[in-house]
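Step one of this worksheet: look at the structure below.
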Amino acid sequence: MPLLFLLMGPTILVFIGLYLLHSVPITFAIFYGWLFLIPIVQKRSTRLSELGFIIQKGNVILGLVLGMISFGVIVIGGAVLSPLLFDADKVRRLLQDWHIDYSYT
């Protein structure tokens with residue numbers, strides 16, 4: 001399967017589940033259904049070395065550092081920009097539509 005299709009598939013499924021169907025459980029099911037079915041649909045298993053990935057100490061450290069930086073940028077950016085990006089009343093209404101409340105906190 002083309003690599004772009006494999007990369008974009010989960011994004012499209014999350015969009016369908018959350019924005020079109022407005023359901024977290026359905027989103028969960030179709031997302032993990034995708035992850036479960038892709039290895040079955042592919043005739044042969046592709047090894048990471050065939051895709052050009054080589055596990056070395058430097059690569060692992062670089063990946064961890066970049067992951068931590070990305071996580072920090074996302075969290076800090078979300079905290080700083082959330083009042084500008086999200087309408088709090090609209091988010092509350094959407095969570096109420098999904099039957100998510102604060103009774104479990």
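Observations, loosely collected:
- Stretching I54 away from I38 to a fully extended chain increases their span by 3.5 nm, per 0.36 nm per residue minus the current alpha-carbon distance.
- J(HN,Hα) series, the range 52-64, from Karplus relation 6.51 cos²θ - 1.76 cosθ + 1.60, nearest Hz, glycine and proline x: x, 8, 10, 7, 9, 4, x, 5, 5, 5, 4, x, 5
- Most mobile listed residue (A79, A29, A88) in the chain, GNM with C-alpha springs under 10 Å: A79
- Extension gain for M8 to L95 (0.36 nm times residue separation, less C-alpha to C-alpha distance): 28.7 nm.
- Of the solvent-accessible surface of the range 60-105, computed with a 1.4 Å probe and all protein chains present, 72% belongs to carbon and sulfur.
- Exposed chymotrypsin sites (Phe, Trp or Tyr not before Pro) absent - longest run of the chain, DSSP non-H/G/I/E/B, at most 16 other C-beta within 10 Å: 1-52
- Gain on full extension, evaluated as 0.36 nm per residue between L64 and L21 minus their Cα-Cα distance, stands at 12.0 nm.
- Using a probe of 1.4 angstrom and keeping all protein chains present, the accessible surface of the range 63-105 works out to 94 square angstrom per residue.
The values are calculated or read from the model by the stated rules, or taken from the named source; none is laboratory data. Quick caveat: nothing in here was measured; it's all calculated off a predicted structure. Cβ: placed from backbone, ideal geometry, glycine included. Neighbour counts: every protein chain shown. Side chains included, ligands, DNA and RNA excluded: accessible areas come from the protein's heavy atoms. Shrake-Rupley method; radii C 1.70, N 1.55, O 1.52, S 1.80 Å.
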